[in-house]
Amino acid sequence: MKTIITTCTRDCPGSCSILAQVEGNKVTKLRGNSEHDITAGFLCKNTSHYLENHFYSSKRILHPLLKENGQWKRISWMMALDIAASKIMEVINEYDSSAILYYQGFGARTALQAMNKRFFNLLGGVTTTYGTVCGGIGHAALEKDYGVKVSHDPNDQLNSNFIIIWGRNPVVTDVHLWRILRKAKRNGTKLVVIDPVKTKTAGYANFYVQPAPGSDSYLAMALIKLILEKDLQDPEFIEKYTHNFHSFKKILDQYTLEFLAGKCDVDIKKLNELAIDYAKGKPSSIIVGWGVHRYKQGHLSIHMMDALAAVTGNIGVSGGGVTQGFEEYEYFNFSLELNELGKNQRKLPMPLIGEAILASDNPPIKLIFLASGNPINLNPNSMKVKKAFEKVDFVIIIDHFLNDSSDTADLFLPATTFLEEEDLMGSYGHNWISPINPVIPPQNEVKSEFEIFQLLSQRLGFSEEMSGKPSKWLKELASPILKKGFSLEELQNGPVKLVSASEIPYADKKFKTSSGLFEFINNFNYNNNNGKDGLYPLYLLSTSPENWVCSVIPESEMENGLLEVKVHPLVLKDNNINDGEVAMLESRVGVLKVKVKKSEDVRSDFVLAYRGGWMKYGKNINVLTVDMISEKGDGTPYYETRVKLRKI
Ligand SMILES: Nc1nc2c(c(=O)[nH]1)N[C@H]1C(S)=C(S)[C@@H](COP(=O)(O)OP(=O)(O)OC[C@H]3O[C@@H](n4cnc5c(=O)[nH]c(N)nc54)[C@H](O)[C@@H]3O)O[C@H]1N2
Ligand SMILES: Nc1nc2c(c(=O)[nH]1)N[C@H]1C(S)=C(S)[C@@H](COP(=O)(O)OP(=O)(O)OC[C@H]3O[C@@H](n4cnc5c(=O)[nH]c(N)nc54)[C@H](O)[C@@H]3O)O[C@H]1N2
Ligand SMILES: [Mo]
């Protein structure tokens, strides 16, 4: 028996360091590495069961497939690569390389994926995407306020007296951050949750606030107003380190407290208590989740949270700050992507990808290359995305499973996992760089994305520029880290922490904004209509599933039953629907048959579902979400979708 270190590459802030136990040629157990201050020796229940649910699943595809007359047929790699290369050449000969769309999802976020982009640039440059279906909205706001987005190390939360977990559900989505928060609570730190859903995290908090969806900017403004009224601000911080405070104050002056409290639907007494505790609790921290990102003007909520921290001087201090996450690619050198060679580059908006493909012209998209993503399932207005993929002549997908997106594909190339490949990765939840090591040889015929693109480059005449072992390219990618004094061997032997917990963002009170100061916003133009849409009165919230990551769900879990949605008793009464009944859920773009579950954890102005259920089993919530792009940050306002419930 031997133990090999690797890293979980799944879409989660954890990027956990894994000790994989191997007996013969079989991986028998995955354990968390205790020599990592975030993984801390344990894994989430998802990854603990990764071997049986995913890695050794009988549904995993282990050889290339070609679709013929609507049926998948096993083919050899030789044939698969020849077909892929000839389809690429056909498109280039008839149009140019920008008629190819390379779509990279978030299923694995590793350094070597830069080689995929290098491949497409060597091909002459293709169409890719801009914007995101994940967290761009908040990032745009943070960059405007501070100049750059930097977060406090998760362990610095232990230095806070008061923590607001705002639109985030770490008990479900980041169990390692939750371990730290639980420890802080045991040490006496007060934990507050602000979330329209009474989540599991809310259940463990000391104080819970349940605002109306999309109303966080009003809520934060109410808190700031109360803090200023009670003279609990930090005048020195405001005076010395911020810009625009007076214009910002004018925005606040336009609204009464009653108006703001009404908009977010939170009791003034509760707001009062929260404002006082946050200001007096200093250092107080705000941990922002993705829930507040998913609105058209989500950036305004984050600006107001930043302002709350600035007014109270909770910036640049240990235990303070507004923390969202980290840039997983920050530490790598991506010049090897050769962007300068890709003359035919073009970008389409990820949040509107269906519409953008359908409208693409001069040249139209003729071939899609999809890696580590399931856009037909997870992008908004799924039926439109599906229609767009079906319209394109040829779709190639690299994945592990036949998911909703591969249903529209013509060629399926089976990929390795983090137990069969060599790579490095950062994390969006902490500051560690971690190795991905081949724990066992690739099963059956699977190949890494890296090898697939190398083999294709041989057929397309630029093999030289793509050749060499992964370590050769990892050295180049990791050069900024190697300059810090680490060797590649060290990086491959085990995870390394790049920034110490004691390093506090903006501790020198210098901000990379044009004024060099923290910037308050001076313009607040909010168009929220509090969810009022005559025909579709309810918001639709669709959050992370507890037992799975995004759409990576074993099919056996989905084969039976309907998607369950949580609905407040008042809404059931209004619609004359009983708990457990089957009903229709309708939006402006789609209809879904659902099973209704009565719940007091949700408010009466929205319906709650989980995201990621598969379309082919009638469980994909994104057939209802409307495709929109956010006002700032090119993000995806999933939760702006309004729905109605209809009795059958
Ligand atoms: N188990 C599991 N873990 C995951 C994932 C998964 O699919 N499963 N996905 C991973 C990914 S891709 C990401 S980006 C992260 C996301 O991590 P989180 O941000 O923790 O999770 P979300 O499910 O996006 O939901 C965030 C919370 O925001 C709340 N919310 C919705 N609207 C509002 C609002 O208007 N105001 C406020 N204050 N709150 C609101 C929702 O009710 C929800 O509880 O998790 C990662 N971790
Ligand atoms: N309604 C609604 N929709 C949402 C959200 C929401 O809150 N509500 N949240 C959004 C968020 S936060 C995100 S991040 C996106 C996620 O959107 P996507 O990234 O498109 O979705 P995933 O399900 O993570 O798809 C990952 C795919 O990658 C595959 N995969 C996993 N590992 C590997 C690998 O090593 N190599 C290869 N080639 N493939 C691999 C998986 O099998 C899976 O099919 O969804 C968004 N969609
Ligand atoms: Mo995400």
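If you go through region 333-354 one residue at a time, do you hit one that is among the aromatic types (F, W, Y) and more than 17 Å from the chain's Cα centre (by Cα)? First the steps, then the outcome.
Step one: of region 333-354, the residues among the aromatic types (F, W, Y) are 334.
Then keep just the ones that are more than 17 Å from the chain's Cα centre (by Cα); that gives 334.
Yes: one or more hits.
Run down K573, K616 and say which single residue is surrounded by fewer than 17 Cβ atoms within 10 Å (Cβ to Cβ), in contact with a helix residue (DSSP H, G or I) (Cβ under 9 Å, 6 or more places away or on another chain) and assigned to a helix (DSSP H, G or I).
On the way: K573 fails: in contact with a helix residue (DSSP H, G or I) (Cβ under 9 Å, 6 or more places away or on another chain).
Going through K573, K616 in turn, just one is surrounded by fewer than 17 Cβ atoms within 10 Å (Cβ to Cβ), in contact with a helix residue (DSSP H, G or I) (Cβ under 9 Å, 6 or more places away or on another chain) and assigned to a helix (DSSP H, G or I): K616.
Those residues that are touching a Pro at 6+ places or on another chain (Cβ under 8 Å), in a loop (DSSP other than H, G, I, E, B) and within 16 Å of ligand 3 (Cβ to nearest atom), I need them from region 116-150; list them, please.
Scanning region 116-150 gives G131, T132, V133.
If we scan region 52-68, do we find a residue that is charged (D, E, K, R), assigned to a helix (DSSP H, G or I) and closer than 21 Å to N403 by Cβ? Working first, answer last.
Restricting attention to region 52-68, the residues satisfying the condition of being charged (D, E, K, R) are 52, 59-60, 67-68.
Imposing the further condition that a residue be assigned to a helix (DSSP H, G or I) reduces the set to 52.
In the following step, the residues that additionally are closer than 21 Å to N403 by Cβ were identified as 52.
Looking through region 52-68, at least one residue is charged (D, E, K, R), assigned to a helix (DSSP H, G or I) and closer than 21 Å to N403 by Cβ.
Working carefully through the options V499, V439, find the one that is among the β-branched types (V, I, T), in contact (Cβ under 8 Å) with a residue 24 or more places away in the chain and crowded, with 22+ Cβ neighbours inside 10 Å. Talk me through it step by step, then tell me what you get.
Numbers: V499 fails: crowded, with 22+ Cβ neighbours inside 10 Å.
Answer to the check: V439.
Looking only at region 151-167, decide whether some residue is within 16 Å of ligand 3 (Cβ to nearest atom), modelled with pLDDT under 95 and surrounded by fewer than 23 Cβ atoms within 10 Å (Cβ to Cβ). Steps first, answer last, please.
Applying the first criterion (within 16 Å of ligand 3 (Cβ to nearest atom)) to region 151-167 yields 151, 167.
Checking which are modelled with pLDDT under 95 leaves us with 151.
Keeping just the survivors that are surrounded by fewer than 23 Cβ atoms within 10 Å (Cβ to Cβ) gives 151.
Yes; the residues of region 151-167 include at least one that is within 16 Å of ligand 3 (Cβ to nearest atom), modelled with pLDDT under 95 and surrounded by fewer than 23 Cβ atoms within 10 Å (Cβ to Cβ).
Show me the helices (runs of 4 or more DSSP H) entirely contained within region 230-309 in which 3 or more residues are under 16 Å from I165 (Cα atoms) and in contact with a strand residue (DSSP E or B) (Cβ under 7 Å, 6 or more places away or on another chain).
Numbers: elements: 235-241, 245-253, 257-264, 268-280.
The helices (runs of 4 or more DSSP H) meeting that bar are 268-280.
In region 387-425, how many are crowded, with 23+ Cβ neighbours inside 10 Å, farther than 24 Å from W77 by Cα and out of contact with any Pro (no Cβ under 9 Å at 6 or more places or on another chain)?
1
The conditions are (1) assigned to a helix (DSSP H, G or I); (2) surrounded by fewer than 22 Cβ atoms within 10 Å (Cβ to Cβ); (3) not small (G, A, S), and I452 fails exactly one of them. Which is it?
(2)
With the requirement that a residue be part of a helix (DSSP H, G or I), over 22 Å from S599 (Cβ atoms) and among the charged types (D, E, K, R), what does region 549-570 give you?
Looking only at region 549-570, we keep the residues that are part of a helix (DSSP H, G or I), and these are 555-557, 569-570.
Filter once more, keeping what is over 22 Å from S599 (Cβ atoms): 555-556.
The answer is E555, and nothing else.
Out of (1) touching a residue at least 24 places away in the same chain (Cβ under 8 Å); (2) over 27 Å from the mean Cα position of the chain (by Cα), the odd one out for Y610 is which?
The failed condition is (2).
Out of N403, N362, which single residue is in the same structural domain as L482 (by TED's automatic domain parsing) and within 16 Å of ligand 1 (Cβ to nearest atom)? Explain how you work it out, then say what you get.
Details: N362 fails: within 16 Å of ligand 1 (Cβ to nearest atom).
Checking each option against the conditions leaves just N403.
A quick yes/no check of all residues on (1) in contact with a strand residue (DSSP E or B) (Cβ under 7 Å, 6 or more places away or on another chain); (2) of a type outside the set (F, W, Y):
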position: S427; (1), (2): no, yes
position: P495; (1), (2): yes, yes
position: F518; (1), (2): yes, no
position: N523; (1), (2): no, yes
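The values are calculated or read from the model by the stated rules, or taken from the named source; none is laboratory data. Model, not experiment: these values are computed from the prediction. In this analysis, Cβ positions are derived from the backbone assuming ideal geometry, glycine residues included, and neighbour counts consider all displayed protein chains.
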